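Here is the structure we will look at.
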Amino acid sequence: MIGLWADREGYIDTTGTVHAYASAAKSRGAQVIEHNRVVDLRRRRDGRWEVATEKGVVVAEHVINAAGLWAKQVGRMAGLELPLAPLEHHYFVTESIPEVAELDFEVPMTVDLEGYTYMRQDQSGILVGIYERNPKHWNVDGAPWNYGFELIQEDVDRISDELDMAYKRYPVLERVGVKTWVNGAFTFSPDGNPLVGPVRGLPNYWLACGVMAGFLQGGGVGKTLAEWMIKGETEADAWPMDIARYGDFASSIEYIRQTTGQFYSRRFVMTYPNEQLWAGRPLKTAPAYGKMNDGGALWGESWGLEVPLLFAPKGFKETPSLKRSNAFDLVGGECRAAREAAAILDISGFSRFKVSGEGARNWLDGLLAGRLPKENRIRLCPMLAPSGRLRGDLTVLDWGGGEFWIMGSYYLREWHMRWFEDRRVDGVDIVDISDAAAGFSVSGPKSRDILASLVRDDVSNEAMPFLSARRMDVGLVRARVARISVTGELGYEINCDASQHLSLYNMLLDAGRPFGAAEIGYYALNSLRLEKSFGIWNSEFMQAYTPGMTGLDRWIDWSKGEFVGRDAAFKEMQLGSKDKLVTLEIDSNDADASGYEPVWSNGKRVGFITSGGFGHFVGKSLAMAFVPASLAEDGTALTCHVVGEEREARVISGSPHDPSGARMRA
C-alpha cells in the first residue's frame, strides 16, 4: 500500500472558528447580527442596496451573498438563478477504539480514493465519511427557510457498497459500534468549486457561495473577495471560482442536478486529461453538429457548447490515458492534412463581440493595449488590467462602417462581457453575438484554392493579404472572411449567420474534396499551434501573468496614448521580466506533457510547463513553459517530468515549424 503524507492536513473546531472570526470582525468595527433573516434585496438609484430583514431595512454599499444552503433563494432576490444544489452527505463516528486510545500520537487524516471514504481520529474513536457513487440531492430548489440544525435520516442501504469497502479498509470497525450517524446537506456547484466575485449587471453585488468545504476553502474565498472589492482585481488567478465561468445555460435545474451529482460521485475519482464527462451534455450544439457527428466527430465541451476534438471511424472510442491515447495516429493524420493540403475546422467555439457606435474606436483604443486595425484589417491585441496583468489575448477585426468585432475564447464570454460592460461609455454599443454567428476555418496550402472556387472576389495574396478582413459571398452564404489562421498555415476564418452554418459546412466539404481537405478537431489544432509556439488562454495566458513574461508585449502599441494597464506594463518593460515563456523539445516517446509539470536545471526546480503535446508534423514532443529569463536561450538544456518520469528537454527559439511565418503569409 502506498500513501502520500501531507503535514499540513488537519481539522478544526468549527464552532470555535466561527466565533473567532466574529470576534475579529467586531474588533475592527463590524456589527454581527444573529437571528435576523433577510427577506428582500432592492437596488437603489445611487448604487447602494436596501437589505430588508425581519427586523427592518439596512442600506448597504455592497451586498455579499454568502448564504450557504440558502444562497439560491438569496440570489433570486436579485434576479439570479445560481447553479447550485445541496446534496446529502454521510459520516459516522465510532465508539472508543482501544487501539486508538492507547496511541501516543493522533491518527493522520486518511483518504481512500478507491473506497470513496475519508477517515480521521475523533477523540478515542474514528470518523469515517462517504462520497458514494449513488448520490442523492436534497431540496434542489434550495433549503427551506426553517431548516436549522436538524439532520437528515441516514440511508445506510444507499451507501452499502462504500460501507462494505470501509469495513474492509478498517477491520476494527467490525469490533466497535457506531456512536453517531450524521447525514447533512451541503452545497455544490457543477464543478465543485465556489461561486465568487461580482455579477454582471448587478453593481456592488458579490458572491461567496457554493463553498463545498467551508473551513478548508473559506480563508481563500475571503481573501480573494476582499482583494476584488478593494482593489478591483485579485492577487491570484480567481478564474476557477469566478461566477463568470458559468452562463445562463448552467441555471437549468436538470443541468445542475446532473453535473453536481457527477462531481459528488467522482469526488475521489481521477479524471484523465483526455477524458470526457457527460453530465449535462449535449446541451448547446452548432447547426452542423448532426452532420459532423455522422462524419465521425468525437466531442468535447466549452461553456456548454459541443466542440469537435477529432474525427474517427464509426465505433471508435478514445481510451482515457495519462500517456498517448489510441487517438494518436488519427490526430496525426489530421495534422498532416493541415500542413500538406487543407483542414476544415468548426470555429463556432470562438467568442464574438460586436462593437459599434460613434465612440467605438476611441473606446477600444483605451481598452486594448495593441494598435487597432485599419478598415478591413485585423489586429491581435492584448487586454490588460490596471495592474498590467493580462485580461485577454484578443483578435480585433474592423469590418468598416464603424463596426468592429472582438474575438476570443468562447468559455470567457461572460468574463469578458462583464469587463466590457463595467468600462463601457456613452456612444458605444457592445453585443455578444457568439451564438448568433458561427463558422469554419479553412487552412493549409490548398485553402486559397478551396476558397477561390466558392467566391467571385479576388482572394490572391495581392488582393487579400495576411490579416485582411472582408465581407464576401461564399457560395450561397453571405460571409465575413478573415485571413488568419491558428494552425500557422495559409488560412481563412469564414464567419456566417448561425442559420447558414450547415450550408457553409456542406459547401466547404464539397469544394475541399478535390484538394484533399480533411476535417480536423481541436486535438489537431493543439498540436499545430504548439508547432508554431502559439499560446492559448488558461495555459500560456492567464490573469496572473504579464505581457512581458508571455511575449504578448510585442503586440503593445507604446506610441499611442493612455490605455488600461499602460503604466504597469511600461514599468515591466523597463525593468524586464524575471520569467519568460519558451518552447521545449522533450525526449519522450510514449507520453507528452499536459501542464504544470516541473522544469529542472541542474537538479533545481526553475519553472513549470504550461501546456504540451506531440508535434505530429515535426515529429517531436513539445511543450511551452515558463523559465527564468537567463535560461530562455536557444538550446538551453533542461529536464522536466512527464507522467512522473524525468526527461531531457531543450529550449527552441522561435518556433519548431516555420519560425519566419512565411507559410501564413504565402
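The values are calculated or read from the model by the stated rules, or taken from the named source; none is laboratory data. Not measured: the values here are computed from a predicted model. Neighbour counts are summed over all protein chains in view; Cβ atoms, including those assigned to glycine, are modelled from backbone coordinates with ideal geometry. Calculation scope for accessible area: heavy atoms of the full protein, side chains included, ligands and nucleic acids excluded. Shrake-Rupley method; radii C 1.70, N 1.55, O 1.52, S 1.80 Å.
Scanning segment 55-83 for residues that are in a strand (DSSP E or B) and under 20 Å from W228 (Cβ atoms) yields A60, V63, I64, N65.
Right, G16: part of a loop (DSSP other than H, G, I, E, B) and either at pLDDT 95 or above or exposed (fewer than 13 other Cβ atoms within 10 Å of the Cβ) (or both) or not? Spelling it out, it is not the case that G16 is part of a loop (DSSP other than H, G, I, E, B) and either at pLDDT 95 or above or exposed (fewer than 13 other Cβ atoms within 10 Å of the Cβ) (or both). Search segment 469-480 for residues being farther than 16 Å from S453 by Cα and of a type in the set (D, E, K, R), and hand back the single one that is surrounded by the fewest Cβ atoms within 10 Å (Cβ to Cβ). In this case the residue turns out to be R471. F466 versus (1) surrounded by fewer than 20 Cβ atoms within 10 Å (Cβ to Cβ); (2) under 22 Å from the mean Cα position of the chain (by Cα): which is the lone unmet condition? Only one criterion in (1) surrounded by fewer than 20 Cβ atoms within 10 Å (Cβ to Cβ); (2) under 22 Å from the mean Cα position of the chain (by Cα) is unmet by F466, namely (2). Looking only at segment 119-151, residues that are over 28 Å from the mean Cα position of the chain (by Cα), touching a residue at least 24 places away in the same chain (Cβ under 8 Å) and either open to solvent by 40 Å² or more (accessible area, probe 1.4 Å) or farther than 18 Å from G261 by Cα (or both) come to 13 in all. The criterion of at least 2 residues that are among the polar types (S, T, N, Q) and buried (at least 19 other Cβ atoms within 10 Å of the Cβ) is met by the following helices (runs of 4 or more DSSP H) wholly inside segment 193-304: 253-265. Among all positions in segment 644-652, there is at least one residue which is under 9 Å from I586 (Cα atoms), open to solvent by 30 Å² or more (accessible area, probe 1.4 Å) and in contact with a strand residue (DSSP E or B) (Cβ under 7 Å, 6 or more places away or on another chain).
For A479, indicate whether it is closer than 26 Å to E301 by Cα, assigned to a strand (DSSP E or B) and small (G, A, S).
Yes; evaluated as a whole, the condition is true for this residue.
If you take the residues in segment 487-515 that are touching a helix residue (DSSP H, G or I) at 6+ places or on another chain (Cβ under 7 Å) and surrounded by fewer than 21 Cβ atoms within 10 Å (Cβ to Cβ), which one is nearest to V474 (Cα to Cα)? So, considering only residues that are touching a helix residue (DSSP H, G or I) at 6+ places or on another chain (Cβ under 7 Å) and surrounded by fewer than 21 Cβ atoms within 10 Å (Cβ to Cβ), the one nearest to V474 (Cα to Cα) is L502. Within segment 434-456, being open to solvent by 30 Å² or more (accessible area, probe 1.4 Å) and either in contact (Cβ under 8 Å) with a residue 24 or more places away in the chain or touching an Asp or Glu at 6+ places or on another chain (Cβ under 8 Å) (or both) holds for D435, A436, P445, K446, R448, D449, S453, L454, R456. Scanning segment 359-381 for residues that are open to solvent by 50 Å² or more (accessible area, probe 1.4 Å) and farther than 16 Å from R423 by Cα returns R371, K374, E375, N376, R377, R379, L380.
Count of segment 174-192 residues, restricted to those that are of a type outside the set (D, E), within 30 Å of I230 (Cα to Cα) and either touching a helix residue (DSSP H, G or I) at 6+ places or on another chain (Cβ under 7 Å) or open to solvent by less than 10 Å² (accessible area, probe 1.4 Å) (or both), is 5.
Within segment 576-597, the residues that satisfy the criterion of being under 15 Å from R647 (Cα atoms) and among the small types (G, A, S) are S588, A591, A593, S594, G595.
Please state which one of S539, S594 is in contact with a Pro (Cβ under 7 Å, 6 or more places away or on another chain), in a loop (DSSP other than H, G, I, E, B), in contact (Cβ under 8 Å) with a residue 60 or more places away in the chain and among the small types (G, A, S). First the steps, then the outcome.
Numbers: S539 fails: in contact with a Pro (Cβ under 7 Å, 6 or more places away or on another chain).
None of the others qualify; the one that does is S594.
Take the conditions out of contact with any strand residue (DSSP E or B) (no Cβ under 6 Å at 6 or more places or on another chain), open to solvent by 30 Å² or more (accessible area, probe 1.4 Å) and either over 22 Å from W239 (Cα atoms) or charged (D, E, K, R) (or both) and apply them to R418. Does it pass? No, not satisfied. Here Y596 meets each of (1) touching a strand residue (DSSP E or B) at 6+ places or on another chain (Cβ under 9 Å); (2) open to solvent by less than 30 Å² (accessible area, probe 1.4 Å); (3) under 23 Å from I536 (Cβ atoms) with one exception, condition (2). Of the residues making up segment 109-118, those that are part of a loop (DSSP other than H, G, I, E, B) and open to solvent by 50 Å² or more (accessible area, probe 1.4 Å) are M109, L113, E114. Checking each residue in segment 622-643 for being more than 30 Å from A342 (Cα to Cα), buried (at least 19 other Cβ atoms within 10 Å of the Cβ) and touching a residue at least 60 places away in the same chain (Cβ under 8 Å) picks out only F626. Filtered by the rule that a residue be open to solvent by 20 Å² or more (accessible area, probe 1.4 Å), in contact with an Asp or Glu (Cβ under 8 Å, 6 or more places away or on another chain) and outside any helix (DSSP H, G or I), segment 544-576 gives A544, T546, K560, G561. Remark: pairs (first residue in segment 322-341, surrounded by fewer than 17 Cβ atoms within 10 Å (Cβ to Cβ); second residue of a type in the set (D, E, K, R); Cβ separation under 6 Å; 6+ apart in sequence or on different chains) = K323/D590.
Among the residues of segment 382-398, those that are closer than 19 Å to V481 by Cα and open to solvent by less than 20 Å² (accessible area, probe 1.4 Å) comprise L394, V396, L397, D398.
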